[in-house]
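Input: a single structure, listed below in structure tokens.
Bear in mind that the values in this text are calculations on the coordinates, not laboratory data. In this text, all values refer to a predicted model and were calculated from it rather than measured experimentally. All Cβ positions, glycine included, derive from the backbone under ideal geometry; neighbour counts span all protein chains shown.
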Amino acid sequence: MRHLLLRLGYALALPAVLVAVWWLASDDSTDVYRPPLRTILETFPDVWTGDRLRSDVLPSVLRLTGGYALAAVAGIAVGTVIGSHRRVRAVCEPVLEFLRAVPPPVLVPVIMLFAGIGDTMKIVVIATGCVWPVLLNTVEGVRAVDPVMAETARSYGITGVARLRHLVLRSASPQIFAGLRQALSVGIILMVISEMFAASNGLGFTIVQFQRGFAIPDMWTGILVLGLLGFFLSVLFQLLERRVLGWYHGRRASTRRSP
Amino acid sequence: MLDVRGLRKVYEGSGRRVEAVRDLTFTVGAGELVCLVGPSGCGKTTLLRCMGGLLTPTGGEVLLEGRKVTGPPPGTAFVFQEYGRSLFPWMRVAENVELPLKQKGLGKARRRELVTDALESVGLADAAGAYPWQLSGGMQQRVAIARALAYEPRVLLMDEPFAAVDAQTRADLEDLVRGLWRERGMTILFVTHDIDEAVYLGERVIVLSGSPTVVREQLTVDLPAERDQLHTRVAPRFAELRTHVYEQIQAAKRGIAPQDTPETQDALAKADAPPKRDALVKADVPGDPDVRTDPPPSR
Amino acid sequence: MRGENAVLGAAGLAAFLALGEAAPRLGLVEEAYFPPTSRIAEALVDELSDDAFWSALGDTLTGWALGLAIAVGAGIVAGVVLSVVPHLREATASTIEFLRPIPSVALIPLAVLLYGTELRSVLLLVVYASFWQVLIQVLYGVQDVDPVAEETARSYGLGPWARVRHVLWPTALPYVMTGVRLAAAVALILAVTAELVIGAPGLGSRIAVAQTSQAVPEMYALIVVAGLLGLLINVGARTVERRALAWHQSVRGEVAV
């Protein structure tokens, strides 16, 4: 119990101090661009009503989910194929290295050319940006399947789909998750800027509208919402990762204790 | 049961040719426990992998119950030296044991029965729900053995399974394997570089030469079937047998210098064809009628 | 094998370029959206002879390098201080976990208001995004310090500063290098984003201009340049990482594979 209290104290102390400092330091601020925290928090419930959440946050999240899921499926599938064949990998490697190195945001103007400015454009942008980290990490993971495990599977007749499911994908899962984590932050960036570029709703669109209309406290609340969304998604991701990669972290911890 | 005929394996890659196994011929009868022993790096593992269908031999063939082995045969189970890398760390112990059975298409009830039975046989009934990496090395190798047992193989191939565990665990595991063999009556081929282990475990010991590998001698171990660590290892007969095998292996190491070029090795091999091997055997055990050496296999 | 891989890789690249040429010519894709490779190459040559292009490239590199340098310096100092001062690590953990996932693009409107299209706008985004990459790796690295080595250093009476220099820093160095490599890639993404969205001068804003003026081949040419820049940064960072750590086990292991 005391232990728990101590941990809670550690977790909450600094955030509380920071919020207090922000509150006090900004309280009598007259700078238009840095409104008092009090004002921002008072504005918050007025701006982010249930309607707003439905009309702006939900579309953003749906676009992100769609594009991200598309990228995850395509990246893992193609990455598994490339990673399992040495020659295919050699052929694709230079092209993939180049495509991965293209900063994803420059995709927005290109994809706008043929996909217009609707939801399709945003989903395609998010998917094309997110697919590379997933794909390349999957290639690495699949390539690195332990030869002894591979032989074990062969000698027990574990082949085909079962081999893919029980050996290849499981053994590559730590790398795949590393790729998915990178892809998540790329996805959020692309979600926001594709909406800033061209949209009629969404978080990125709304925040830019506030900024252009000099609704500064509203803009600050928008930044807070984006921050909360990023935090929330990362917590969600960590929960999923802990479930799927529990064995991996457990094994690492156990080898660390006894080398 | 298991026939190895004129087996030869040459590794080729990046401009180098390595002849790991030259010409191996021997048989293992049904229900036998045979140990293969030889100097380190003599291609024991290559041989076993060819027998398990994991490697394709360059020449010769392996027959299992009269049928040529081309891929992993269904009635064979493999236990690897690297237990830590042969069990899947993302599966619990019971799942590891169960996976090959699922692949075999067995029903759920039957699978559960086999898994429980196998884990009980190796003394790990309590560890079913643990992950392999939560267990000690010896226990992990027990899990690998349980997985092999549950598979109900007619032939069990074991590749230096105890090379990486500590001495006490090793003794326990040796007794476990011998016990399981007597209980279940399967054919076991056990590869090791440890002479004591080979003599203690085997009903027959096949001594291999240094690389490139040929069969140097086959030796029947005439120790009683009931063996235990305490008495068997101090028995005079045990000492005689292990001394004999030891001398054979020392001679094998001296036999062919590793620096030799392939051409001279070929010439050497031709020069010491069967007669010389016989001469060596006789020279090594002068006036010891108790050591029965099987005649070299006919080609 | 290495020679064979190079040949296969070159073949793959050639096939990719040929596909880019053939698909629009054969009418498989709209030529207005996907200009053939040769048109993009022409546009690229035009760009290379344009002074404005080179100054844009210079602007992007300045934003990238300056932002990266600040982020790396700050990340290392913060990471070491957090790990060395007792209790600080525990006290800051929750705050870091909260701030790190905040997407740096959330700061775009703020950057626009505060700094307009100045370099400082770019720096704000670049530094915020890459700082966390470095910090997190430094924290991991320090955590990896062998307790036996630490105890040994203590028992020989090494002071805190000497311990940081001789025990903590060498252990953490490989992690720091990884952090720098990741941060270098992220910094380029954010530099281009800032230029593209805010309009700070650089490759990104040049792409935006090409887009609004419907100069499609030029846009592709600029994207190719951005990609090559990214590739150069990735390969360079990996080489530096390997060179600097040739003695370290993790790198030796990687080379051997």
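A few notes on this one:
- Ranking of C:168, B:135 by count of other Cβ atoms within 10 Å, fewest first: B:135, C:168
- Between the beta carbons of residue B:113 and residue B:3, assuming R0 = 45 Å, the FRET efficiency works out to 0.85 to the nearest 0.05.
- Separation of segment B:226-246 from segment B:39-54 is 26 Å, based on Cα centroids.
- Chain C: DSSP helices with Cα axial extent of at least 30 Å and average Kyte-Doolittle hydropathy no lower than 0.0: C:2-25, C:51-84, C:119-143, C:169-198, C:216-244
- Separation between Cα centres of segment C:82-151 and segment C:27-77, rounded to whole Å: 27
- Taking the number of Cβ atoms within 10 Å of each Cβ as an exposure proxy, the fewest-first ranking of A:194, A:171, C:38 is C:38, A:171, A:194.
- Averaged over A:227-234, number of beta-carbon atoms from partner chains that fall within 10 Å: 5
- Pairs from B:44/B:104; B:9/B:108; B:68/B:102; B:68/B:104 whose Cα-Cα separation, in the structure shown, is over 32 Å: B:9/B:108
- Close amide H pairs (under 5 Å, H built 1.01 Å from N) link residue B:36 with B:190, B:191, B:192, B:206, residues at least 5 positions away or on another chain.
- The gain in end-to-end length when the residue B:63 to residue B:175 segment is fully stretched comes to 37.4 nm, 0.36 nm per residue minus the alpha carbon separation.
- Cα centroid of segment A:1-43 to Cα centroid of segment A:76-104, whole Å: 46
- Gain on full extension, evaluated as 0.36 nm per residue between residue A:54 and residue A:114 minus their Cα-Cα distance, stands at 18.8 nm.
- Ordering of A:152-163, C:154-165 by packing is A:152-163, C:154-165, highest average first (other Cβ atoms within 10 Å, averaged per residue).
- Placing +1 on each Lys and Arg Cβ and -1 on each Asp and Glu Cβ, with no other charges, gives the protein assembly as shown a dipole about its Cα centre of roughly 1040 debye.
- Around residue B:197: net Lys/Arg minus Asp/Glu count, Cβ-Cβ under 9 Å: -2
- For residue B:216, residues with placed amide H under 5 Å, excluding near neighbours: B:207, B:208, B:209
- Note on A:114, A:205: ascending count of other Cβ atoms within 10 Å places them as A:114, A:205, the fewest first.
- Label-to-label distance, residue C:87 versus residue B:167, with points set 7 angstrom from Cα along the beta-carbon direction: 5.1 nm.
- In order along segment B:83-91, the Karplus-derived 3J(HN,Hα) couplings, from 6.51 cos²θ - 1.76 cosθ + 1.60 at θ = phi - 60°, round to 4, x, 10, 9, 8, 7, x, 8, 10 Hz, and Gly and Pro are given as x.
- Computed FRET value (nearest 0.05) for residue C:165 with residue A:6, which takes r as the C-beta separation and R₀ as 35 Å: 0.65
- Entry note, chain A: relative contact order of 23 percent, from Cα contacts under 8 Å with a spacing of 6+ residues.
- For residue A:41 and residue C:113, the FRET efficiency from 1/(1 + (r/R0)^6), where r spans their Cβ atoms and R0 equals 22 Å, is about 0.70.
- Between residue A:249 and residue A:69, the contour length at 0.36 nm per residue exceeds the alpha carbon distance by 62.3 nm.
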